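K.L.:
Below you will find the structure I want to go over with you.
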């Protein structure tokens, strides 16, 4: 068989970070396509730590290399060049098949164990990198409890669960996976947090998460789940839902002496933004350290099919001013660190109120812009849209507004997501709500987009949304020739990828 030509990818393209590497290697592993990435994480060099591969990248790539019997060069911490040549398709993986078949029907399925070299390496980023591969890794074993279904593949990953610049377990559990399961038929992932691992505080802790992924059968493609009525419309429509926020879940993992003040502040601030909204606290834990403060808010639409998440990972400031004065808190969302200034006599209570105020405001601003989900969800769905069969869309009404403002749609790097440390005034809040309610519905926008299809040129990162979303689309276009994006990335005609019996030998 003719050997495939190596696809060259410049790691400085677009966002130029770890996401480009994860998406590229994941698709290479699925398609048995050799790739060579130069200038790995080339946009992440800061003069101190620089770019190159990090521990979590090594962990995911090493596992995919084993599963595909890949030839790999440059697999080391700090490496700026990576070459990945997979030799086996997912369903041909002896590594997976032996583990899935080695136990009998009366025994629990075997589980794959993946341990990051560093305790602070994100387990959730490792999982993101290997999930597409697992979805197509049918071992041929049947689920003994549910005849006709493939046996789930159990995966245990140890490392960090609350890590800077990475999604938390709660975000994956409450936002990403529900979104995937709602959009794609047959995609089911069981998950459990065994113990937490933090990138902040001492001593360093190693966490562990468990997943069970049920792969698609050989020959099957990932299918879009039809929502609302089942008709011939290829829109990702959702007739039974709207943009109204019906409930907000707040996951709070902070020192125990902050629980009362923070939960009280969150409930109050959410009611100020969405009067009468149902607020629940599905997670309320003692983090055990002032260096470990984590809050995730998840707003849910009436039918629950749309979710918007906003979170903060921070620490309680070490110094507190005696006179009650204090500086600003730079609360960064999506797992980013925060650096607080001095606090006064109210100490942690005042700090709790400030955290609540910031994260509630950011969530409100995201939801008020309308769309299918938050900015982080958008880029994480791209690879699944590209792999799926049929047409999908992800609309964020913020896209055109940010374009008009001359911005690239990327989340703010300086912290907070807004220019003020106070929530919108009632007048501004009502104006934002009026803008959202007066805008076209998501379904109307999708139908409008369908009416004038313009194919996107994929020579460079493209489309609306964050730079991460633009880059992810570009990578999918590089490795999946059949994928087509339209209308600045809002609509995707997926490649309809599936593992065929012909792929189950060595890579051609």
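K.L.:
At a Förster distance of 22 Å, what's the computed FRET efficiency of residue 165 paired with residue 115, Cβ-Cβ distance as r, to 0.05? List each step's numbers first, then the result.
P.N.:
On the way: r = 21 Å, r/R0 = 0.95.
With a Förster radius of 22 Å, E is 0.60.
K.L.:
Each label point is 7 Å from the Cα along the Cα-to-Cβ direction; what then is the distance between the points at residue 302 and residue 455, in nm?
P.N.:
Reported label-point gap for residue 302 and residue 455 is 4.0 nm.
K.L.:
Based on the Cβ-Cβ distance of residue 149 and residue 482, what FRET efficiency does E = 1/(1 + (r/R0)^6) give at R0 = 22 Å, to the nearest 0.05?
P.N.:
Details: r = 27 Å, r/R0 = 1.25.
That pair, residue 149 with residue 482, gives E of 0.20.
K.L.:
Another question, if that's okay. Mind sorting 379, 244 by how few other Cβ atoms lie within 10 Å of their own Cβ, fewest first?
P.N.:
Working: 379 22, 244 15.
Starting with the residue having the fewest Cβ neighbours, the order is 244, 379.
K.L.:
So, R0 is 30 Å and r is the distance between the beta-carbons of residue 87 and residue 195; what FRET efficiency does that work out to, to 0.05?
P.N.:
Working: r = 36 Å, r/R0 = 1.19.
Once rounded, the FRET efficiency stands at 0.25.
K.L.:
How much length, in nm to one decimal, is gained on full extension between residue 318 and residue 500, taken as 0.36 nm per residue of separation minus their Cα-Cα distance?
P.N.:
59.8 nm
K.L.:
If each residue's Cβ is checked for other Cβ atoms within 10 Å, how do 391, 310, 183 rank with the fewest at the top? Present the calculation step by step, with values, prior to reporting the outcome.
P.N.:
On the way: 391 20, 310 28, 183 23.
Fewest to most other Cβ atoms nearby, the residues stand as 391, 183, 310.
K.L.:
Test of understanding: what is the full-extension gain from residue 256 to residue 244, defined as 0.36 nm times their sequence separation minus their Cα-Cα distance? Write out the running numbers ahead of the final one.
P.N.:
Working: separation 12, 0.36 × 12 = 4.32 nm, distance 3.28 nm.
Extra length from residue 256 to residue 244 when fully extended: 1.0 nm.
K.L.:
Give me 133, 384 ranked fewest to most by other Cβ atoms within 10 Å of their Cβ, as a rough exposure proxy.
P.N.:
Working: 133 27, 384 22.
Ranking 133, 384 by Cβ neighbours within 10 Å, fewest first, gives 384, 133.
K.L.:
From the C-alpha gyration tensor of region 1-88, pull out the three semi-axes of the equivalent ellipsoid (sqrt of 5λ each), sorted largest to smallest, in whole Å. Provide the component values of the computation, followed by the final result.
P.N.:
Values: eigenvalues 99, 35, 19 Å².
Each semi-axis is √(5λ); the values are 22, 13, 10 Å.
K.L.:
Give me the one-decimal nm value for the distance between modelled label points at residue 284 and residue 202, 7 Å along each residue's Cα-to-Cβ direction.
P.N.:
The answer from the label model is 3.3 nm.
Throughout, read-outs are computed from the coordinates displayed, never taken from laboratory work. Remember, predicted model here, so these are calculated numbers, not experimental data. Every residue, glycine as well, gets a Cβ built from its backbone with ideal geometry; the counts of neighbours run over all protein chains shown.
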